[in-house]
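Derivation of every value follows stated rules applied to the coordinates shown; laboratory data play no part. Remember, predicted model here, so these are calculated numbers, not experimental data. Here Cβ is always computed from backbone atoms with ideal geometry, including for glycine, and neighbour counts include all displayed protein chains.
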Amino acid sequence: MDTENLKYVVGSVAEGKPAVIRFFDSVNEWSTKNFNDEFLWLQDYVKPSKIVVLINSEGGSILYGMSTFSIIQSCPIEVDCVIEGMAASMASVIWAAGKNLYMHDYSILMIHNPFHFDKDTEDPSIKAMIEAFKGQLSTIYQKRFGLTKDEVQKIMDGEGDADGTYFNAKTAVEAGFITKEHVIKTSKQARDKVKNQIEGITDIASMREALASVSAEVDASKLVEAIAAIPIKTEEIQKNKKAMEKDILSFGAVAAQLGFSAETEVASVSARITELLHAEASLKDAQAKVTEFEAVQAELDETKIKLAGKEAEAQNAQAELESVKASLKKYEDAEKEAREAEIEAMVQAAIKAGKIDESSKGNWVAMAQSNFDMVKTTLDSIQARVKISAVIANDPANAQAAEEALKTAEQKMAEQVEAVVGKVEFKKF
């Protein structure tokens, strides 16, 4: 590599700094070979921080142009491609190889279908080759610019009798090839000069030559500075744009949630928000009252449960009391029955012993039911009646003596009974 006679590299270059290289020629075997050699020299030996490719070409060979496209695309160093004058036909593909793409506000971009110099040829192999190149270029445009196959075909075909489609910076932005931030602004004097230079020119090669004179006046160092500043400026613009879009989306989302369209005035949305805030405050008060009511209801439910427990306890106690009462009555009934039997036996024994008369049984039973122990003591203290044989009984003297003795015994008993239970009248036997 004769580094003293470089034809494409512009100015001095150094490692770690941006380098500028021009492609100001038609795309052919000689131009692509020399450009590729110098580009690879920059890439592999100089190793700059960035390579800026300035393009002013009417295009040419697809076969040779694809070699340059491939070298730029595979470069490990960041490559910016700038349309200095024009990038037409295959030159537009070379331009598309850059990572970052730029145009001057006076630049021209042209895209069309590939063709053979012998347009009337019927050679099947040539037609097949043209179709293959056409598909290749269409694929590059689609992937690089995010266009559909139909959109690319429409651009390559052009309108009416035109050979493809021409774009200035403005229409290139509208078509989506670059963003408006990547349009390099120039003076009105430079734009007017370009307009005057290409006015009336229809031949694309001549147009490239005319634009070359304008491009030659471009200060490469200032251009590199301008290109370097664009990403920073673009980043700020995009940041502000995203923030604005976010605010718009947020407002639109809020408006939509409130039942308004995105075009609704801020005042209407604000009034609706205020109304909703008041409604929210009222809802919170209502919720607080509901919470308070729920607390009271919970306390009431707890009281009801406790009351139900007490009622259950009372029912159980009542049932137990009834059971005890039943058991007690049964016991009392049994005790009463036993006492009555005992009284009956005691009184009956006294009658049998002759202590009391059969006719007074009811009185003695009643007194025993009232005061068992007193009646028992009384009956126990009464002497049993002694039976007198019929012989003695028939003896008047003995009868008189017995009567007297009986009278005396009855009197004594009456006195004892009267002393204990009051006056009791005893009938004579």
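Can you tally the net charge around G16? Count Lys and Arg as +1, Asp and Glu as -1, for every other residue whose Cβ sits under 12 Å from the Cβ of G16. Its environment carries a net charge of +2.
Exceeding 18 Å between C-alpha atoms, which entries from my cross-link table qualify? They are K7/K193; K185/K242; K99/K143.
Going by Cα-Cα distance, K7/K193; K185/K242 fall outside the 18 Å limit.
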